[in-house]
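Engineer: Below are the structure tokens for one structure; questions will follow.
The values are calculated or read from the model by the stated rules, or taken from the named source; none is laboratory data. This structure is a prediction, so every number in the text was calculated from the model and none was measured. With ideal geometry, Cβ positions are generated from the backbone for all residues, glycine too; neighbour counts draw on all protein chains shown. Heavy atoms of the whole protein, side chains included, go into the accessibility calculation; ligands, DNA and RNA do not. Shrake-Rupley method; radii C 1.70, N 1.55, O 1.52, S 1.80 Å.
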Amino acid sequence: KLAKAGVITGKCKQQDKGKMVAAFAMGTRELYDFMDDNPTVIIRDGTLVNDPYVISKNENQVSINTTVEVDVTGQCASESIGSKQISGTGGQSDTAIGAQLSRNGRSIIALYSTAMVKNPATGEKEEVSKIVCQLKPGAAVSLSRNDLDYLVTEYGTVNLKGTSIRERVERIISVAHPKFRESLRDEAAELGILPRK
């Protein structure tokens, strides 16, 4: 729909100018009809599409992904909840690194600050923070804290590039849901990540 509306044109790309490039496509009949014999759509092998070096050839490349859980230092668990695998690895780290290698590129993780999760003890759903002091045991780190430039929640955006651990922790907590911020600060102090009050 964005391409049909003229929003996605590819005119600013340095590589495959005017083209939309993907490793796969899945969707509606409308999508498949749009792609069929469309000279602006290119499907290529994922090893090429997700190659950070290839991605970096486009200036101002922006990688936008989401995550299941992020810790206060910026580690993102995007494919598992603890040790329970819920998704494949995808191209999150590839696109983030490719964007960072790109001239004026940036890596963004956008997520809701909370999720409704069933409490195993009560069976009731309760709101939990998706920003945590430590990832759940066994969680797969899909994106290292070194590859996260911006974190976005409904409470704002923080730039993490070039920050110290303490700065990162304070900034990330600032975009957590307000009702969890104090407990995150307390837990971070208990773990020695932030100074005690």
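Engineer: So which of TYR112, TYR150 ends up being in contact with a Ser or Thr (Cβ under 7 Å, 6 or more places away or on another chain) and within 13 Å of GLN75 (Cα to Cα)?
Structural biologist: Working: TYR112 fails: within 13 Å of GLN75 (Cα to Cα).
Matching residue, one of TYR112, TYR150: TYR150.
Engineer: Right, here's the next one. Specify the residue that is most open to solvent (accessible area, probe 1.4 Å); the eligible residues are those in the stretch 178-196 that are in contact with a helix residue (DSSP H, G or I) (Cβ under 7 Å, 6 or more places away or on another chain) and in a loop (DSSP other than H, G, I, E, B). Quick ask: steps written out before the conclusion?
Structural biologist: So in the stretch 178-196, the residues in contact with a helix residue (DSSP H, G or I) (Cβ under 7 Å, 6 or more places away or on another chain) come out as 181, 184-185, 188, 193-196.
Narrowing the set further to residues that are in a loop (DSSP other than H, G, I, E, B) leaves 193-196.
On the way: ILE193: 47, LEU194: 18, PRO195: 70, ARG196: 156 Å².
Among those that are in contact with a helix residue (DSSP H, G or I) (Cβ under 7 Å, 6 or more places away or on another chain) and in a loop (DSSP other than H, G, I, E, B), it is ARG196.
Engineer: When you go through (1) at pLDDT 95 or above; (2) in contact with a strand residue (DSSP E or B) (Cβ under 8 Å, 6 or more places away or on another chain); (3) closer than 15 Å to VAL72 by Cβ one by one for ARG168, which number turns out not to apply?
Structural biologist: (2)
Engineer: Take the residues in the stretch 29-63 that are assigned to a helix (DSSP H, G or I) and among the hydroxyl-bearing types (Ser, Thr, Tyr); name whichever of them is most open to solvent (accessible area, probe 1.4 Å).
Structural biologist: Keep residues of the stretch 29-63 that are assigned to a helix (DSSP H, G or I), which gives 29-35, 46-49, 52-56.
Now drop any that are not among the hydroxyl-bearing types (Ser, Thr, Tyr), which leaves 32, 47, 53, 56.
Working: TYR32: 83, THR47: 111, TYR53: 143, SER56: 23 Å².
Of everything passing the filter in the stretch 29-63, TYR53 is most open to solvent (accessible area, probe 1.4 Å).
Engineer: If you check GLY162 against the conditions, is it on the phi > 0 side of the Ramachandran plot, out of contact with any Cys (no Cβ under 9 Å at 6 or more places or on another chain) and open to solvent by 40 Å² or more (accessible area, probe 1.4 Å)? Walk me through how you get there before you give the answer.
Structural biologist: Values: on the phi > 0 side of the Ramachandran plot: yes; out of contact with any Cys (no Cβ under 9 Å at 6 or more places or on another chain): yes; open to solvent by 40 Å² or more (accessible area, probe 1.4 Å): yes.
Yes: the conditions hold for GLY162.
Engineer: Confirm whether GLY105 is under 30 Å from LYS13 (Cβ atoms), open to solvent by less than 90 Å² (accessible area, probe 1.4 Å) and in contact with a Gly (Cβ under 8 Å, 6 or more places away or on another chain). Quick ask: steps written out before the conclusion?
Structural biologist: On the way: under 30 Å from LYS13 (Cβ atoms): yes; open to solvent by less than 90 Å² (accessible area, probe 1.4 Å): yes; in contact with a Gly (Cβ under 8 Å, 6 or more places away or on another chain): yes.
Taking the combined requirement at face value, the residue satisfies it.
Engineer: Just wondering, is there one or more residues in the stretch 114-124 that are of a type outside the set (Lys, Arg), over 16 Å from ILE64 (Cα atoms), buried (at least 17 other Cβ atoms within 10 Å of the Cβ) and touching a Lys or Arg at 6+ places or on another chain (Cβ under 7 Å)?
Structural biologist: Within the stretch 114-124, one or more residues are of a type outside the set (Lys, Arg), over 16 Å from ILE64 (Cα atoms), buried (at least 17 other Cβ atoms within 10 Å of the Cβ) and touching a Lys or Arg at 6+ places or on another chain (Cβ under 7 Å).
Engineer: Also, I was wondering about something else. Do we find that VAL175 is open to solvent by less than 30 Å² (accessible area, probe 1.4 Å), modelled with pLDDT of 95 or more and over 24 Å from SER83 (Cα atoms) in this structure? Can you show your working first?
Structural biologist: Values: open to solvent by less than 30 Å² (accessible area, probe 1.4 Å): yes; modelled with pLDDT of 95 or more: yes; over 24 Å from SER83 (Cα atoms): yes.
Taking the combined requirement at face value, the residue satisfies it.
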